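Input: a single structure, listed below in structure tokens.
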Amino acid sequence: MKKLLTLLNIIFIQSGIYLIAKVVPKDKNLMVFGSSLGHHFADNTKYLYLYIHQLNGENSKKIVWITKNKDLDIYLKSINLPSEYLYSFKGILYTIRASKVFITHNVDDINGALIGGAEIIQLWHGCPLRKIGVHGEWFTTGFKGKLKVLFYSIFHFSYYMRCDKLIAFSDMEKIIFKEAFSFSFRDKKIEENILTLGQPRNDVLSQDYVFDKKIFPELEKLENYKIQYKKIISWLPTHRLQLNKTIIDIMDESNFDLVALDSFCKKNNILFVIKAHFLELHLVDHLIKNSTNIITYEIADPYPLLHFTDILITDYSSVFFDFLVTDKPIIFAPFDFDEYEKTSRFYYEYNNVTPGVKCNGWECIMNQLSLLTNNIDDYKGERKKFIDEIKLIKRDNCKIIYNYYL
């Protein structure tokens, strides 16, 4: 029933809004930005948006953040950053008149129908290991696949991965995107529409990145952590929606020993930070409330945290590609690899694209942390070789995109 209502909404309501939006005259200087399905001020669009405002100051008033989160809209306005709540008169007006739209996840970062007629620039949110889009969660074969292709060929505005230009951060990512986004471009010019210009969010990982404390209220805490602790270790596990698992399930299945880890961290003056996916931010709070050296990080944007992180622990998250630009150690923790691989086909052989030790339990992780906290890093050369192979753009990503595209 829910799927039927969605289809009827697209056919009879959204298509009408799209046609209206398409004929509304566009303001060539007006650009709107969105992210995280409209809920958070985060990811690649955040850093490109901030770069433009810092570069042009008052002259960038028509660079507007669009959000579905009223509190976020109020906050951004309070720090003098142009923002509008999507479901307000001004939010709709700005969106429908924008000539360019910048997103990171899909058209619902703003609204697929309201951005009709605008140029959509998809900055995406990282290089995927598992298959996404076409031949990932979206098949074009079989009766259902052909039916979906027909439907979205007619109502292409509602296709969640629709865009006009797509930004990649390496040659390797561009190869992946050619398959995943092969149904995204109306003009079918896949190769020409994927531009290797870098990820704006990676600029924040540079040690000389200048944070504005007004925009990053978390900065004071992070700076204090850096002074207080010998090392900051951040664990960013992948969201396992397709397995119907949460971060709690992963901790249980991998025999996560909170007491042992906390004791280890206290003894070695380490701060262990758990950063869950933004859809699971509050699930771990009650578990670590009595810990001394383990905390959760509940801010949706992890990149200021990663700026101060000394060692990253992750599994299948594309965040490790970003962290490579720091030349700091990465521990891979694919606890449920066999199960994950069955439901998430990879673009590449996992071991060939993950330059770091692989741990199948927390005992292995703590052993590796013991080595790394004593500056014994056996994978430094492997990381450098991998970075060179994929031609990773390390810095000035915002500048490159701005100069090329804007």
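Where a number appears in this text, it was derived from the coordinates with a stated rule and is not lab data. The structure presented is a predicted model; accordingly, all values stated were derived computationally and were not measured. Cβ placement follows ideal geometry from the backbone for every residue including glycine, while neighbour counts extend to all protein chains displayed.
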Query raised in the report: For the chain, modelled as a GNM with alpha-carbon contacts under 10 angstrom, which of LYS100, LYS146, LYS394 fluctuates the most?
Result: LYS146
Query raised in the report: What net charge is computed for the residues neighbouring ASN269, neighbours being all others with C-beta under 14 Å from the C-beta of ASN269, Lys and Arg scored +1, Asp and Glu -1?
Result: +3
Query raised in the report: Going by the alpha-carbon gyration tensor, a ≥ b ≥ c the square roots of its eigenvalues, is the stretch 73-203 rounded (a/c under 1.5) or, if a/c is not under 1.5, prolate (a/b greater than b/c) versus oblate?
Result: oblate
Report task. Please list the equivalent ellipsoid semi-axes of the stretch 1-130, computed as the square roots of five times the alpha-carbon gyration tensor eigenvalues, in descending order and whole angstrom. Result -> 24, 18, 14
**Report entry** HIS40 long-range amide H proximity, modeled H, under 5 Å
**Finding:** SER35
Query raised in the report: Once every DSSP H run of n ≥ 4 in the chain is given -39500 (n - 2.57) and the sum is divided by its residues, what mean residue ellipticity at 222 nm do you get, rounded to the nearest 500 deg cm²/dmol?
Result: -10500 deg cm²/dmol
**Report entry** Values of log10 I(q)/I(0), in the order q = 0.12, 0.19, 0.25 Å⁻¹, for the stretch 281-368 under a Debye, Cα-only, solvent-free model
**Finding:** -0.44, -1.10, -1.39
Report task. Report, largest value first, the span of the C-alpha coordinates of the stretch 199-299 along each principal axis, in whole Å. Result -> 40, 36, 20
**Report entry** Principal axis box of the chain, alpha-carbon based, largest edge first, Å
**Finding:** 64, 53, 42
Report task. Please give the length that would be gained between GLU137 and TYR87 if that part of the chain were fully extended, namely 0.36 nm times their separation in residues minus their C-alpha to C-alpha distance (nm, one decimal). Result -> 15.0 nm
Report summary line: Extend 7 Å from the Cα of GLU363 along its Cα-to-C-beta direction; within the stretch 254-271, residues with backbone N under 17 Å of that point are 254-262, 264
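Based on the Cβ-Cβ distance from LYS226 to LYS342, what FRET efficiency comes out when R0 is 35 Å, to the nearest 0.05?
Plugging the Cβ-Cβ distance into 1/(1 + (r/R0)^6) gives 0.30.
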Report summary line: Here, SER153 and LEU219, labelled 7 Å along Cα→Cβ, have an inter-label distance in nm of 5.2
Report summary line: Percent of all Cα-Cα pairs per 5 Å bin for the stretch 144-273, counting from 0 up to the last occupied bin, reads 2, 8, 10, 11, 11, 13, 14, 12, 8, 6, 4, 1, 0
Query raised in the report: If the viscosity is 1.002 mPa s and the temperature 20 °C, what translational diffusion coefficient in µm²/s does Stokes-Einstein give for the stretch 218-390 when Rh comes from Kirkwood over Cα pairs?
Result: 130
Report summary line: Listed by chain and number, the residues whose amide H is under 5 Å from that of LYS231, excluding neighbours fewer than 5 places away on the same chain and using placed H, are LEU271
Report task. Would you mind computing, in nm to one decimal, how far apart the modelled labels at GLN54 and LYS384 are, each placed 7 Å from Cα along Cα→Cβ? Result -> 2.9
Query raised in the report: Which of rounded, prolate, oblate describes the stretch 332-406, given a ≥ b ≥ c as roots of the alpha-carbon gyration tensor eigenvalues and a/c under 1.5 marking rounded, otherwise prolate only if a/b is larger than b/c?
Result: oblate
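Of all DSSP beta bridges located in the chain, what percent are antiparallel, nearest 5?
5
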Query raised in the report: Taking the mean number of other Cβ atoms within 10 Å as a proxy for protection, how do you rank 125-137, 76-88 from highest to lowest?
Result: 125-137, 76-88
**Report entry** Given charges at Cβ of Lys, Arg, Asp, Glu: the stretch 264-363 dipole, positive-most of ILE295, PRO329, ALA276
**Finding:** ILE295
**Report entry** Potential lengthening between ILE190 and ILE175 on full extension [0.36 nm per residue; Cα-Cα distance subtracted]
**Finding:** 4.3 nm
Report task. Distance check, please: which entries in LYS342/LYS384; LYS28/LYS62; LYS28/LYS100; LYS221/LYS358; LYS28/LYS90 exceed 19 angstrom between their Cα atoms? Result -> LYS342/LYS384; LYS221/LYS358
